[in-house]
Amino acid sequence: RAEIYCRAIAHNIICFLFGLFEQSRLPDCFPGVFSQSITMFLKSVAYTFFMKVLFVSIPESTESEKDLVLTGLGREQAQKLADALKKYEISKVFLASTAAALQAFMPYKKANPEIKYAISERLREVSPELLVKEVDDDVPSKERSDKNRAELFLKELVMQNDSSYNAVFLNPNLMKYYLAKVDKRIKRKKITPASIFEVDFASMKLTQPKV
């Protein structure tokens, strides 16, 4: 437990420094590439104190009344996800703001009624273009907006400061965006509905347990 407290304190200090750097005018004092290098370094250090994350792709769904809802198969897949997640010590669950994400989470919630969870607008699906081209942070675009939103959620996740798992129910493009931080090859792979990826940011390890 002492190790957990030390990691949490160190993590908070790093995130605090990272926040100060981003909010200050210091990035403007350095050349663009150097400023980006400092930012990426601080992010990578913060990630070393990051808890393990379970990224869960939403089961098969269909659009209904301008929202996504699970199909019959999707509901069966949601139950299998709940069974697969039982073996993990999960402290909190984050959900994309769709009916399908909430429906996918319900079987696990039923088995674990005390679990903390939050629905986040920042977990809305992103454009597939975000995965295949460089985003110019100085030019307004949907991809830049998607990237900023995705990074804001990642900062929120980093601040959880927990030694156990956090689970995130989300759609495939956004899932690829996060997984690519550990393994860029994931961008070329298809994310199947109701799949789980376990990410250990400290060791930069990515595994896909069977569902």
Residues (modelled with pLDDT of 80 or more and open to solvent by less than 60 Å² (accessible area, probe 1.4 Å)) located in region 40-66: V53, L54, F55, V56, S57, I58, P59, S61, S64
Pair list, Cβ under 6 Å, 6 or more apart: region 84-101 residue over 9 Å from I119 (Cα atoms) and in contact (Cβ under 8 Å) with a residue 60 or more places away in the chain, other residue outside any loop (DSSP other than H, G, I, E, B) and small (G, A, S): I90/A167
Residue check for A111: open to solvent by 40 Å² or more (accessible area, probe 1.4 Å), closer than 19 Å to I196 by Cα and among the small types (G, A, S): yes
N171 being closer than 17 Å to L95 by Cα, surrounded by fewer than 19 Cβ atoms within 10 Å (Cβ to Cβ) and polar (S, T, N, Q): no
In region 97-108, the residues that are part of a helix (DSSP H, G or I) and open to solvent by less than 50 Å² (accessible area, probe 1.4 Å): A99, A100, A101, A104, F105, P107, Y108
Conditions (1) among the hydroxyl-bearing types (S, T, Y); (2) under 18 Å from L81 (Cα atoms); (3) more than 17 Å from the chain's Cα centre (by Cα); number of the one not met by S141: (2)
Matching residues, region 114-134, being open to solvent by 30 Å² or more (accessible area, probe 1.4 Å) and not hydrophobic (A, V, I, L, M, F, W, C): E114, K116, Y117, E121, R122, R124, E125, P128, E129, K133, E134
Residue pairs meeting the criteria (Cβ under 8 Å; at least 6 apart or on separate chains; first without any contact (Cβ under 8 Å) to a residue 40 or more places away in the chain, in region 110-138; second β-branched (V, I, T) and buried (at least 16 other Cβ atoms within 10 Å of the Cβ)): N112/I90; I115/I90; I115/V93; K116/V93; Y117/V93; A118/V93
Some residue of region 135-152 being open to solvent by 30 Å² or more (accessible area, probe 1.4 Å), in contact with a strand residue (DSSP E or B) (Cβ under 9 Å, 6 or more places away or on another chain), assigned to a helix (DSSP H, G or I) and not hydrophobic (A, V, I, L, M, F, W, C): no
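The values are calculated or read from the model by the stated rules, or taken from the named source; none is laboratory data. None of these values were measured; they are calculated from a predicted model. Methodologically, a virtual Cβ is constructed for each residue, glycine included, from the backbone with ideal geometry; neighbour enumeration extends over all protein chains shown. Heavy atoms of the whole protein, side chains included, go into the accessibility calculation; ligands, DNA and RNA do not. Shrake-Rupley method; radii C 1.70, N 1.55, O 1.52, S 1.80 Å.
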